[in-house]
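Each remark here refers to the structure printed beneath this line.
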Amino acid sequence: VRFHLPVTCEDKNLRPGSVAHVHFVSPFDDAEAWIKVEREGILEQRRQRTVRGDNVIDVPIVEKYAPNVIVSVTLLPRPNGAARPDSANERLRIGYVELPVAVDLKKLTVSLSPDRASYEPRDTASIRIVVRDAGGRGTRSEVALWAIDEGVLALTEFRTPDLLSLVYAPRGVGAPI
């Protein structure tokens, strides 16, 4: 636990276009921070010089970060000509913070306009489908369409799942299995 570096972010409503202000307190007078934005691998990385005390990293939030990313900070003190640290405990600090990113920009609205109000078994349906993005603009899409008897669904107590939360469930740092 001595290698642990507390990393925090006070920003709660992160959306694409916003900036997360990530804080950590360096125990070193002069150090190099390796900053990574991760989710199932490294998405972005950079190095930044830090000083003893509170340090702030600005992380611009982009759409590909939804639904979450993890910011990791690895601190290594810079040699200053004095005695070199002789243990990993004196040379290294590592910390992580998860940043949840709003997924509402990923939501699509699908409108269906059938040519008739109802159909009988073996009828052919002609249905106009319009897909719009979160900004209300039409968007090219692939759509899968099923015809299901509502009576059968009522018997099974079927509830339409929230596909957005299933597709954009938070993920971790490691590569997907």
If you go through segment 83-93 one residue at a time, how many are open to solvent by 60 Å² or more (accessible area, probe 1.4 Å) and either of a type in the set (A, V, I, L, M, F, W, C) or at pLDDT 90 or above (or both)? 1
Residue pairs meeting the criteria (Cβ under 7 Å; at least 6 apart or on separate chains; first within 27 Å of L166 (Cβ to Cβ), in segment 65-77; second open to solvent by 10 Å² or more (accessible area, probe 1.4 Å) and of a type in the set (D, E)): N68/E98; V69/E38; I70/E38; I70/E98; S72/E38
In segment 155-167, which residues are aliphatic (A, V, I, L, M) and either within 34 Å of the chain's Cα centre (by Cα) or open to solvent by less than 70 Å² (accessible area, probe 1.4 Å) (or both)? L163, L164, L166, V167
When segment 144-154 is checked residue by residue, the ones that are outside any loop (DSSP other than H, G, I, E, B) and open to solvent by 60 Å² or more (accessible area, probe 1.4 Å) are E150, V152, A154
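Quick one: in segment 11-36, of everything that is among the aromatic types (F, W, Y) and touching a Pro at 6+ places or on another chain (Cβ under 7 Å), which residue is most open to solvent (accessible area, probe 1.4 Å)?
Within segment 11-36, the match that is most open to solvent (accessible area, probe 1.4 Å) is F28.
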Within segment 41-64, work out how many residues are assigned to a strand (DSSP E or B), open to solvent by 60 Å² or more (accessible area, probe 1.4 Å) and without any contact (Cβ under 8 Å) to a residue 24 or more places away in the chain. 5
Which one is farthest from the chain's Cα centre (by Cα) among residues in segment 105-124 that are outside any strand (DSSP E or B) and surrounded by 11 or more Cβ atoms within 10 Å (Cβ to Cβ)? Y119
Being part of a loop (DSSP other than H, G, I, E, B) and either in contact with a strand residue (DSSP E or B) (Cβ under 6 Å, 6 or more places away or on another chain) or at pLDDT 95 or above (or both) is the filter here, so list the residues in segment 18-40 that pass it. S18, R39
Of everything in segment 65-78, what is under 8 Å from the mean Cα position of the chain (by Cα), of a type outside the set (A, V, I, L, M) and in a loop (DSSP other than H, G, I, E, B)? Give them in sequence order. P67
Subset of segment 125-143, residues open to solvent by less than 90 Å² (accessible area, probe 1.4 Å) and within 26 Å of the chain's Cα centre (by Cα), comes to V131, D133, A134, G135, G136, G138, T139, S141, V143
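The values are calculated or read from the model by the stated rules, or taken from the named source; none is laboratory data. The model shown is predicted, which means the values in this text are computed figures rather than measured ones. Glycine also receives a Cβ, built like all others from the backbone with ideal geometry; neighbour counts cover every protein chain displayed. Only protein heavy atoms, including side chains, enter the accessible area calculation; ligands, DNA and RNA are left aside. Shrake-Rupley method; radii C 1.70, N 1.55, O 1.52, S 1.80 Å.
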